[in-house]
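Notes follow once the structure below has been shown.
The values are calculated or read from the model by the stated rules, or taken from the named source; none is laboratory data. This one's a predicted model, so the numbers in the text were calculated from it and none came from an experiment. Cβ sites come from the backbone with ideal geometry, for glycine too, and all protein chains shown count toward neighbours. When the accessible area is computed, the model is the full protein with side chains, heavy atoms only, and any ligands, DNA or RNA have been set aside. Shrake-Rupley method; radii C 1.70, N 1.55, O 1.52, S 1.80 Å.
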Amino acid sequence: MPQHTPTQTAPATPPPSTSLTVFLETFGCQMNVLDSQLVQGQLRGLGYRFIDDWKQADVVLYNTCSVRERAEQKVWSRVGEVGVHKKTHPHVLLGVIGCMAERDGDNTVRKYPQVDLLCGPGELDKLPMLIDNAVRTSLEDRGGIHAAKIALQGDTHRRSATLAAAEDKLEMLDLSRSFSPDDHNGSAYVRITRGCNKFCTYCVVPKTRGAEVHRPPTHLIDECKRLVDSGVKEITLLGQTVNHYHYDNTQAVELNGHLQPQIGTIIGPNRGTGGPSPTFGTDVTSFASLLKKICDEVPDLLRLRFVTSFPRDFGDDILQVMADEPRICRYLHLPVQSGSDRMLKMMNRGYTVAQYMDLVDRVRAFMPDAELATDIICGFPTETEEDHLATADLLRRGRFKNSFIFKYSPRPGTSAYDRLKDDVTDTDKKRRNNELLAVQNEVSAQVHQAYVGKTISVFVESISARERKAIASASGARGVELGWEKSSEPGGSVGELVTQLVGRTGGDIIVIFDGDPALIGQIIDIKIRTASPLTLFGELIHSTATTS
Ligand code: 5AD
Ligand code: SF4
């Protein structure tokens, strides 16, 4: 049985090159950012031109997120605006792609007839066909009512026991990525795992992104090499549960000249923490061995990161590789979700607070300078004040550099939505959220303060948001120059352009400093002068790139 069977199939003929303009807006996680980059590369290669003003576009695409209701509401309001716009511009095509398309399915087109196409995250390789098909139908109908073009996984992806029998078309989307230096600022994402097998009771991702699938290590190494050859200095490996990566080389299957991804082995009952990660066989590329392989085989890569880690099955083998290899960033995004064992059980997280804290201790034993961040859901069904206080306590003990704290949002398609009443009032959720934020703020301030006076390596990402705003609010060509001045500061020689830049440490701490925008994409040393709870402020001590 094929792995990706769309509910309605797109035409088999490839779309012709086109000069249509496309506006693409991305909501949600880093996985969506990468999906959008891949979609953009694919459509550009076919002749579509991307523009920044949705009102001028022939095709408007929203790459969406379903994790919380608020993320969806934003998209619905955009869809409403485009609906009004289409009354006077009937040729415009509107596509909802990503998790909302998959979660809401054809309900979306029933509720919002202005939507011309829906494409789930597991079907993005079909997007050019869907667009082409929708363009043709729209031309034939001259703006009249037509059937939306739809490609969704539905439930088919969990019915096939193995990918061995079917070509995984989505792999082609990753394999066809562009390696142009114009497409990155020195930093790039590489997806190693798609989907998720965890079924946390509140989470819609296993439904929208499907079963856990691991990409062949040879493809990953090749992708990293080609990115680095194009000037990338920092790569972030992506996976919903990135440390679960494993690829059984004895079972590798090649179809149409390409190795195929493999469905992940479901990890059995809780095996506790410590010791090695589960290996699933003799010739298996584990996450630890993948990290080592990338470091060994891509020597010019300066920084290797990964998100998001699942707190279970995170063996010491991974920590050892991280400790041994300075190019792997000492940063873990390790969502805990709650500090109450009762809540963790109801969320189906598969670990206890003690096991989570054991992992935090192991991380710090291997790498005393590691930084950690976490995610929290407050106001999960039946959460009491006692549970809430336990979470606050965990935030203090975890000493995270920051936490992403969310109010529980019941999501259709999850087991919590079906089985548990959303019984914590919004007032209580808001209060608990604020109380947790206050605790985290205190901890974050201490973590950041500890850097003051130190000199640290920073990967320069971009011009700071404040500076970008100043540039955007100034008019015309003059605006582009605004905020850039001749430097008279020590460290920046006269004649260099200086502006406010933002970068990150290996531990993912944000650093703001003045420098030449030509430093974007390089790693430089910054002396930290002051700190706020979420940001460090410093100055450049020398502008030549270092390799740390
Ligand atoms: N409600 C609130 N937060 C959620 N998350 C996932 N699902 C929900 C939900 N239904 C949060 C979790 C996860 C992060 C990506 O989003 O904390 O780690
Ligand atoms: Fe969602 Fe849990 Fe999978 Fe994370 S591990 S994507 S929270 S189901």
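Select, from VAL84, VAL92, VAL39, the only residue that is over 25 Å from HIS333 (Cβ atoms) and open to solvent by less than 50 Å² (accessible area, probe 1.4 Å).
Working: VAL84 fails: open to solvent by less than 50 Å² (accessible area, probe 1.4 Å); VAL39 fails: over 25 Å from HIS333 (Cβ atoms).
Result: VAL92 is the single residue among VAL84, VAL92, VAL39 that is over 25 Å from HIS333 (Cβ atoms) and open to solvent by less than 50 Å² (accessible area, probe 1.4 Å).
Looking at segment 427-438, which of the residues that are among the hydrophobic types (A, V, I, L, M, F, W, C) and open to solvent by 20 Å² or more (accessible area, probe 1.4 Å) is nearest to the chain's Cα centre (by Cα)?
As a first pass, look at segment 427-438 and keep what is among the hydrophobic types (A, V, I, L, M, F, W, C): 436-438.
Filter once more, so that each one left must be open to solvent by 20 Å² or more (accessible area, probe 1.4 Å): 437-438.
On the way: LEU437: 23, ALA438: 26 Å.
Checked segment 427-438; the qualifying residue nearest to the chain's Cα centre (by Cα) is LEU437.
Within segment 287-312, can you find the residues that are in contact with a Ser or Thr (Cβ under 6 Å, 6 or more places away or on another chain) and part of a strand (DSSP E or B)?
The answer is ARG305, and nothing else.
Report whether or not THR382 is surrounded by 18 or more Cβ atoms within 10 Å (Cβ to Cβ) and either within 28 Å of THR505 (Cβ to Cβ) or touching a residue at least 24 places away in the same chain (Cβ under 8 Å) (or both).
On the way: surrounded by 18 or more Cβ atoms within 10 Å (Cβ to Cβ): no; either within 28 Å of THR505 (Cβ to Cβ) or touching a residue at least 24 places away in the same chain (Cβ under 8 Å) (or both): yes.
Criteria not met by THR382.
If you go through segment 444-485 one residue at a time, how many are surrounded by 11 or more Cβ atoms within 10 Å (Cβ to Cβ) and modelled with pLDDT under 70?
Selection size over segment 444-485: 12.
Assigned by TED's automatic domain parsing to the domain that holds PRO381 and surrounded by fewer than 20 Cβ atoms within 10 Å (Cβ to Cβ): which single residue out of ASP168, ASP222 fits that description?
Numbers: ASP168 fails: surrounded by fewer than 20 Cβ atoms within 10 Å (Cβ to Cβ).
Exactly one of ASP168, ASP222 is assigned by TED's automatic domain parsing to the domain that holds PRO381 and surrounded by fewer than 20 Cβ atoms within 10 Å (Cβ to Cβ), namely ASP222.
Of all the residues that make up segment 178-211, how many are within 16 Å of ligand 1 (Cβ to nearest atom) and either part of a loop (DSSP other than H, G, I, E, B) or open to solvent by less than 10 Å² (accessible area, probe 1.4 Å) (or both)?
Here the count works out to 13.
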